Every structure is written in structure tokens, then in C-alpha cells.
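Dropping a structure here in C-alpha cells format, bear with me for questions.
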Amino acid sequence: MSDGSGLVGTTTTVLLSGDALDPTPRQEPRSVTPRPTRSDVAFHAVSYAAGGLTVAIMLAVGLFLSLRAGSAIQAAGIDFLIEQQWSPETGKFGIAAVLSGTITIAVIAVCVSVPLALGTSLLISEVMVGRLKQWSITLVDLMAAVPSVVFGLWGVFFLQESIIPVSRWISTYFAWIPFFAVSDQGGAPLTDASAFTSSAFIAGIVVGLMVVPTQTSIMREAFMQAPAGEREAAFALGSTRWGMITAVVLPFGRGGIIGGTMLGLGRALGETIAVYMIISPIFTINWQVLKTGGNSVSALIALRYGEASEFALSALMAAGLVLFLITLVINFAASSIVARSRSGAESEA
């Protein structure tokens, strides 16, 4: 018995000492990296090619405008940004008037579109359910495909007659605000309907209705990504639906609201056909947004392109280059804001 137990003890001691003195290093677990299949390689190649082609096209457009606008910018210099007249044949031309009109129309469009887009996106994401919700999403997305000329015709032949009384009322009761006053050169107020037609206000409303679907889609996607757990926690604490929206959905979708607003602003800055059909072009800065007359860079290009000489065409290219740069900056800023917003959370969708 003692010999057997001694043998077992000796064997155990030898095995333990062998493990402790084993000179072989312990190997780390190997990482398994799957080999990409042909479909993966093709997908990556197509994706990189599409992204590179998009950037190349954008750079090519900017380069083309820069080359074609070189002679006009060299001739006008800094006066190109501060001159109101547009007469390339006489050497006096600039985009101060049309650029101010472009900004005015875009700001009015954003003021009209943002409340509509915000309310529509909240209605779709937080109130509607089932098929009604899906139909509403489809309908809003289809509205973005309506051509600009259709909005322009609708604005000229239908909306303008309905907006003129509203413009007259605003001018009557809010004329103490310089932007809402409508007066002649002597300062006397105007009340005739012809003084309110083809104004920047009407053009801004039409453009605002055009950008509502784009803004609604972006805001809706941001709101629908709000985590379901935070929504349920708000309800569990006794919050109402509106309280849950203000406490959870709106803070979560702040990036989508800002990004959608700025993308809509970029679209409004570049709108051409609708503005061209509604606005009455002038080449002076019109601070009275309700009064007849205004202009935009895109409408100027559409109006003067057909009859432009070589130098006048270069001046139009310079105006397009300025609009291209402004729109590019706004869209990049919107994309960066949307990218920094909260994402990846669970949603009810």
C-alpha cells in the first residue's frame, strides 16, 4: 500500500515539475480572416468606382466653370461681387442684385418649408401606423419627383392669385418692418394688386413647397431611428405622446432637422425653372420682398444664356461658379451635421 501510494506521489510530482519546467512557449490563438469572394471584390470595386466617379464629376464641373469664367472674373475683379448692373457688353456687370435675390428667395423658402416638413415628418413617424404610414411615405417621396415646371405653372396660374391678398394684408399691418413695406420711389405705400405680383415672396413660397418632400424624408428617417427603449421609458414615467416627442424624438433627431434644413436651402438656392417663370427680373437690390421684382442667379443664367456673346457667356459661367461654390459649402455642412447625429439605434420602423 505504501509502495503504491509512494509511486503515485512520485509520478504526480514528476508531472507537476514537468509542466512547470516545460520550455515550450504557449501559442496565442490564431485570428481567422475570411478570404473575400469574387462577389465581395466586385462589390468593393463597383462601390469605390461609383464614389470616385461622383467626386470626379463634381471636380470636373468646378474646373469647367472656373476655366470658362476666367476671362470675366479677370475683367471685372472684385466688382463682380458688388456691382448690381448686368451689362457685360459695356463692362459693367456683377451679381450683387441677383445674389441678394437668390438668398432672399431661399430664406423665404426655408421659412415656409421647415415647419411643414417638421410637422409632416412627426405625423408620419409618431402618429400614423400600418398601411396609412407606408402610403404617406410613398406619397411624400413621389412628391419630390414632380418636375419644377409643374410647380412653376401652378404658382403662376393658381397660387399667385391666392397669395396677393395675403401679401397686401402683411404690407398693410406690418409695413413698419422695412422688408414687408411696399412703396414707390417716393415712399408712398402701394395697394394695387399689380404691385404684389411676381415677387420674391411668391417665388419663395413655391420653392419652399418644392423642397418640403426632401426635408421631410431626411427628418422622418432621423425621427424613426429614435431608440424604442427611450420612448417606452418616457411613457413609463407618465409622459404624454407630445412629451415623449419633445423629450426623446426631437433631441435625437436634431441632426436630421438641421441637415434637412440645410439640404433644402441648397436646393432652394439652385432652383431655376420655377423662379424663372414666376419672378419679374430686375437688376437692383429689392429689399421689399412683397413687391414686384426680383432675380436669382439661376434665373439670370436661364434668361440670358440663349442670346449671350462669348464674353457674356463667360460672365454667366462666373455667376454659376459662385452659386456652385455656395451650394457646395452648404451641402457639405449639411452632410457633416447629419453624419455626426446619433445613428444605429433601434427604432419602431
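The values are calculated or read from the model by the stated rules, or taken from the named source; none is laboratory data. Bear in mind that the values here come from a model prediction, so they are computed numbers and not experimental data. Positions of Cβ are generated from backbone atoms using ideal geometry, with glycine treated the same way; all protein chains shown enter the neighbour counts.
Taking into account only those residues within the range 99-133 that are at pLDDT below 90 and of a type in the set (Val, Ile, Thr), which is farthest from SER280 (Cα to Cα)?
This residue is VAL129.
Which members of the range 201-246 meet the condition of being modelled with pLDDT of 90 or more and more than 20 Å from ILE124 (Cα to Cα)?
PHE201, ILE202, ALA203, GLY204, ILE205, VAL206, VAL207
May I ask you to say which residue of SER183, SER113 is touching a residue at least 40 places away in the same chain (Cβ under 8 Å) and within 30 Å of GLY243 (Cα to Cα)?
On inspection, the qualifying residue turns out to be SER113.
What pairs come out if I take residues in the range 247-258 that are free of Cβ contacts under 8 Å to residues at least 60 places away in the same chain and pair them with residues that are in a helix (DSSP H, G or I) and not hydroxyl-bearing (Ser, Thr, Tyr) whose C-beta lies under 7 Å away, six or more apart or interchain?
These pairs meet every condition: ALA247/ALA234; VAL248/GLU230; VAL248/ARG231; VAL248/ALA234.
Something else now. Is it the case that some residue within the range 314-321 is at pLDDT 85 or above, assigned to a helix (DSSP H, G or I) and closer than 10 Å to VAL98 by Cβ?
Yes, the range 314-321 contains a residue that is at pLDDT 85 or above, assigned to a helix (DSSP H, G or I) and closer than 10 Å to VAL98 by Cβ.
So, SER162, is that one more than 21 Å from VAL107 (Cβ to Cβ), small (Gly, Ala, Ser) and within 23 Å of the chain's Cα centre (by Cα) or not?
no
In the range 243-294, which residue that is among the charged types (D, E, K, R) and not in a helix (DSSP H, G or I) is nearest to PHE196 (Cα to Cα)?
Out of the qualifying residues, it is LYS291.
Going through the range 137-156 one residue at a time, which ones are assigned to a helix (DSSP H, G or I) and within 12 Å of ALA274 (Cα to Cα)?
Residues satisfying the conditions are SER148, VAL149, VAL150, PHE151, GLY152, LEU153, TRP154, GLY155, VAL156.
What residue, among those in the range 303-313 that are assigned to a helix (DSSP H, G or I) and hydrophobic (A, V, I, L, M, F, W, C), is nearest to GLY270 (Cα to Cα)?
Result: LEU303.
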